[in-house]
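Participant: Next up is a structure, given as structure tokens.
The values are calculated or read from the model by the stated rules, or taken from the named source; none is laboratory data. In this text the structure is predicted, and so the values were computed from the model without any measurement. Using ideal geometry, Cβ is built from the backbone for each residue, glycine included, and neighbour counts are taken over all protein chains shown. Heavy atoms of the whole protein, side chains included, go into the accessibility calculation; ligands, DNA and RNA do not. Shrake-Rupley method; radii C 1.70, N 1.55, O 1.52, S 1.80 Å.
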Amino acid sequence: MPLELRDTEVTFGGGLFGRSHTAALAGVSLALATDRAETLAIVGESGSGKTTLTRLLLGLLRPTAGRVLWQGQDVHSLRGAAFAAYRRAVQAVFQDPFGAYNPVYRVDRMLLLPARRFGLTSSDDEARALAARALEAVGLRPAETLGRYPHQLSGGQRQRLMVARAMMLKPRVIVADEPVSMVDASLRGTILGALHRLRQEGGVSLVYVTHDLTTAWQLADRVMVMRGGRVVEEGDVEHVIGSPRHPYTRALLDAVPPSMPDPGWLEREDAA
Ligand SMILES: Nc1ncnc2c1ncn2[C@@H]1O[C@H](COP(=O)(O)OP(=O)(O)O)[C@@H](O)[C@H]1O
Ligand SMILES: [Mg+2]
């Protein structure tokens, strides 16, 4: 059973006389499979509604109209154990990792607390080992990272920490909003490779929000192109990026022509 948006609409604001509404999303539907792993890329220019869409999927925002469903149930009607199960199953990697952390917690607590809360491990040693593996998978050194506070890390390190945390919780779905936007180009492959491996080996489905059509091509099975809060084109990655129908998609491709699909990092990671 999938994670779904059904005809969702999000309108912000209202203004004094209700005149200045911003329609951030209009008539957006999608279904992400969870019985098998799939990767859906959401692409579109800044302001097209991508982050708003991810907040709907994560249950952080109520749609003005339409529904958000997890395994057939409206996420805003989930209570108790059912809500906790959804919260664990669908993990976030936020676009802005600065606001996502509690500044008074050190990194080890951020990783070990959820490991314990979600019952991933029975001992502290096991939890530490799990955290260390997740950090290494995104190119962070556990010894240098675990004892630090969030403000002692760079933006790129914080972003990688979010990916490590999401991976460690063994979710069914990861919703990643521009997960490598602050990461050095040299490390992007490591992180995207780790996410890809999670999909291949761990059966985790991925919503990958990006404006980088090259990595969308390399990582995704399906692509959804957003503009002004609407979906302008969607389908298999080969069709949408390989032979786009909509002028807007073509314009995006012209602005940043993707390199040929030569996912060296995917093959390396697969072979490892
Ligand atoms: N909390 C908010 N309050 C008012 N307007 C918002 C809010 N969040 C987003 N918007 C507006 O909704 C639109 C879509 O934003 P967003 O989903 O962040 O797009 P993207 O992630 O594609 O850049 C933009 O016009 C943005 O200004
Ligand atoms: Mg955004």
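Participant: State in Å² the accessible area per residue of the chain; use a 1.4 Å probe, count heavy atoms of protein chains only, and round to the nearest integer.
Facilitator: 47 Å²
Participant: Between ASP125 and GLN73, what is the label-to-label distance in nm when each label sits 7 Å out along the Cα-to-Cβ direction?
Facilitator: 3.8 nm
Participant: Turning to a different aspect of this structure: For the range 84-153, give the percent of accessible area contributed by carbon and sulfur heavy atoms, probe 1.4 Å, rounded to a whole number.
Facilitator: 48 percent
Participant: Right, another one. Counting only protein chains, not ligands or nucleic acids, how are MET167, MET226, MET182 ordered by accessible area (probe 1.4 Å), most first?
Facilitator: Ranked from most to least accessible, the order is MET182, MET167, MET226.
Participant: Another question about this same structure. Given the protein chains as shown and a 1.4 Å probe, how many square angstrom of PHE12 are accessible, to the nearest 10?
Facilitator: Rounded to the nearest 10, the figure is 80 Å².
Participant: Let me ask you something else. Give a residue-ordered list of calculated ³J(HN,Hα) values for the range 47-59 (Karplus: 6.51 cos²θ - 1.76 cosθ + 1.60, θ = phi - 60°; whole Hz; x for Gly, Pro).
Facilitator: Rounded to whole hertz, the list is x, 7, x, 5, 5, 4, 4, 5, 5, 5, 4, 8, x.
Participant: Need one number: convex hull volume per residue for the chain, Cα atoms only, in Å³. Walk me through the numbers on the way to the answer.
Facilitator: Numbers: hull volume 39.6 nm³, N = 272.
Convex hull volume per residue, Cα atoms: 146 Å³.
Participant: Note down the Stokes-Einstein diffusion coefficient of the range 174-258 in µm²/s, whole number, using a Kirkwood radius over alpha carbon pairs, 25 °C, and 0.890 mPa s.
Facilitator: 181 µm²/s
Participant: So if we plug the beta-carbon distance of ALA81 and SER46 into 1/(1 + (r/R0)^6) with R0 = 41 Å, what FRET efficiency do we get, rounded to 0.05?
Facilitator: 0.60
Participant: With label points built 7 Å along Cα→Cβ from the Cα atoms of ARG141 and ASP254, find their separation and express it in nm.
Facilitator: Output for this residue pair reads 4.8 nm.
Participant: Please list, in order, the residues from the range 162-197 whose amide nitrogen is less than 20 Å from a point placed 7 Å along the Cα→Cβ vector of LEU113.
Facilitator: Output list for this probe position: 162-171.
Participant: Over the heavy atoms of THR210, what accessible area does a 1.4 Å probe trace out, to the nearest 10 Å²?
Facilitator: About 10 Å², ignoring ligands and nucleic acids.
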